[in-house]
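Trainee: Before I ask anything, let me first share the structure, which is written out below as structure tokens.
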Amino acid sequence: MSKPVNYEKIEKAARTRENIKNGVIYTFLTLWAVMVLFPFYWMLLTSVKSYGSYNSEYIPKFFTLSPTLQNYADAFTTVPLGQYFLNTLIFTVITTAVMLIVIIPAAFAFARLNFRGKNALFTLFLSLMMIPNELVIITNFTTITNLDLRNSFLGLILPSVTSVFYIYLLKENFAQIPDELYYAAKVDGTSDLKYLLRVMIPICKPTIITVTILKVIECWNSYVWPRLITDDEAYFLVSNGIQEIRENGFGRENIPAMMAAVVVISVPLIVLFLIFRKKIMEGVARGGTKG
């Protein structure tokens with residue numbers, strides 16, 4: 001005769017396994033969060049250490065008993081960081097706006113219009129992503145120099161006004177919109193431009209917002225190209241300012257002032273991400289699914 005099943009014991013064992021599983025997952029996530037957030041903590045901590053205190057530490061300390069805001073003042077007085085902020089803002093806004101004007105119609109053409117050689121041209125576009133950035137930078141530098149556009153906002157902006165990856169991302173997103181909507185709009189006499197503006201862009205707004213924010217971050221953090229194409233302080237971006245602050249340390253690198261500048265520069269991007277984080281996640285999810 002078989003023994004009766006003890007459902008209470010089975011349920012208790014299942015709960016125990018679930019608790020152990022959740023404990024392992026949360027422990028891993030906690031450790032991962034510490035690893036991710038530690039550089040930000042170290043950046044903020046270093047920014048409030050005095051120059052002398054930082055340089056006297058033979059063994060790095062994970063706290064300070066005498067925090068100071070002098071480094072933030074030094075960051076703005078050592079170099080014209082405010083001017084660099086303005087230059088970066090101009091560069092970021094214009095570059096992002098022009099890029100959207102370029103890539104949205106391009107993505108729409110590849111996703112909805114039918115023309116000869118469309119697939120071959122799109123394949124050629126995708127193949128451009130295989131070219132190393134170093135080669136692109138060399139070509140852009142030669143072109144901008146030959147056009148006598150060095151030390152100008154136009155020289156800074158032109159090489160960044162398009163992106164094959166963003167065209168691909170938007171094209172895949174546009175392609176998810178049912179064809180029936182397009183054909184119905186054409187029957188009603190709607191032009192392609194009006195259909196793009198009134199139907200496709202509103203539907204794909206999360207992806208467009210995601211692309212916009214990613215481009216803003218890319219421009220704001222741009223370092224190699226501005227360092228290469230400008231040597232006039234009137235056109236320096238914040239990346240140039242950080243390097244100048246770092247090198248102005250009375251014979252040693254002024255790391256605390258540089259970290260203070262990095263904190264100030266990072267705040268707009270962090271705020272931007274926190275405001276639009278749901279849109280970013282939604283846009284990436286929409287761009288990564290088909291149908």
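Trainee: Report, ordered by the first and then the second residue, all pairs with beta carbons closer than 7 Å, sequence separation of six or more or different chains, a first member in segment 186-207 that is closer than 14 Å to residue 107 by Cβ, and a second member that is modelled with pLDDT under 85 and basic (Lys, Arg).
Mentor: Cβ pairs passing all conditions: 207/286.
Trainee: Does residue 109 count as over 17 Å from residue 159 (Cα atoms), free of Cβ contacts under 8 Å to residues at least 40 places away in the same chain and buried (at least 18 other Cβ atoms within 10 Å of the Cβ)?
Mentor: Yes; evaluated as a whole, the condition is true for this residue.
Trainee: For residues that are of a type in the set (Gly, Ala, Ser) and either surrounded by fewer than 18 Cβ atoms within 10 Å (Cβ to Cβ) or assigned to a loop (DSSP other than H, G, I, E, B) (or both), scanning just segment 234-291, find the one that is modelled with the lowest pLDDT.
Mentor: Pass one, segment 234-291, residues of a type in the set (Gly, Ala, Ser): 234, 239, 241, 249, 251, 257, 260-261, 266, 283, 285, 287-288, 291.
Right, trim to either surrounded by fewer than 18 Cβ atoms within 10 Å (Cβ to Cβ) or assigned to a loop (DSSP other than H, G, I, E, B) (or both) and you get 234, 249, 251, 266, 285, 288, 291.
Values: 234: 86, 249: 51, 251: 49, 266: 87, 285: 61, 288: 48, 291: 42.
That would be 291.
Trainee: Related question: Output the qualifying pairs, or none if there are none: Cβ atoms under 7 angstrom, residues six or more apart or on different chains, first residue in segment 70-89 and free of Cβ contacts under 8 Å to residues at least 60 places away in the same chain, second residue crowded, with 20+ Cβ neighbours inside 10 Å.
Mentor: Correct list of pairs: empty, since none qualify.
Trainee: In segment 42-72, how many residues are of a type in the set (Gly, Ala, Ser), part of a loop (DSSP other than H, G, I, E, B) and surrounded by fewer than 15 Cβ atoms within 10 Å (Cβ to Cβ)? Reasoning before the result, please.
Mentor: Going residue by residue through segment 42-72, those that are of a type in the set (Gly, Ala, Ser) are 47, 50, 52-53, 56, 66.
Of the ones still in play, those that are also part of a loop (DSSP other than H, G, I, E, B) are 50, 56, 66.
Adding the requirement that they be surrounded by fewer than 15 Cβ atoms within 10 Å (Cβ to Cβ) leaves 56, 66.
Selection size over segment 42-72: 2.
Trainee: Among the listed residues 100, 37, 29, which satisfies the condition of being assigned to a helix (DSSP H, G or I), assigned by TED's automatic domain parsing to the domain that holds residue 227 and of a type outside the set (S, T, N, Q)?
Mentor: The unique qualifying residue is 100.
Trainee: For segment 63-112, give me each residue that is of a type in the set (Phe, Trp, Tyr) and closer than 20 Å to residue 243 by Cβ.
Mentor: 72, 76, 84, 85, 91
Trainee: Being under 21 Å from residue 98 (Cα atoms) and surrounded by fewer than 10 Cβ atoms within 10 Å (Cβ to Cβ), is that true of even one residue in segment 156-174?
Mentor: No: segment 156-174 contains no residue that is under 21 Å from residue 98 (Cα atoms) and surrounded by fewer than 10 Cβ atoms within 10 Å (Cβ to Cβ).
Trainee: Can you tell me which residue within segment 137-155, out of those that are surrounded by 13 or more Cβ atoms within 10 Å (Cβ to Cβ) and of a type in the set (A, V, I, L, M), is nearest to the chain's Cα centre (by Cα)?
Mentor: 137
Trainee: Suppose we filter 140, 151 for residues that are touching a residue at least 24 places away in the same chain (Cβ under 8 Å) and on the phi > 0 side of the Ramachandran plot; which single one remains?
Mentor: None of the others qualify; the one that does is 151.
Trainee: All but one of (1) under 26 Å from the mean Cα position of the chain (by Cα); (2) at pLDDT 90 or above; (3) exposed (fewer than 13 other Cβ atoms within 10 Å of the Cβ) hold for residue 102; state the number of the condition that does not hold.
Mentor: (3)
Trainee: Turning to a different aspect of this structure: Given the criteria in the same structural domain as residue 199 (by TED's automatic domain parsing) and not in a helix (DSSP H, G or I), does residue 114 qualify?
Mentor: So residue 114 passes the test.
The values are calculated or read from the model by the stated rules, or taken from the named source; none is laboratory data. Source: prediction; values computed, not measured. Don't worry about glycine lacking a Cβ; one is built from the backbone with ideal geometry, like all the others, and counts go over all protein chains shown.
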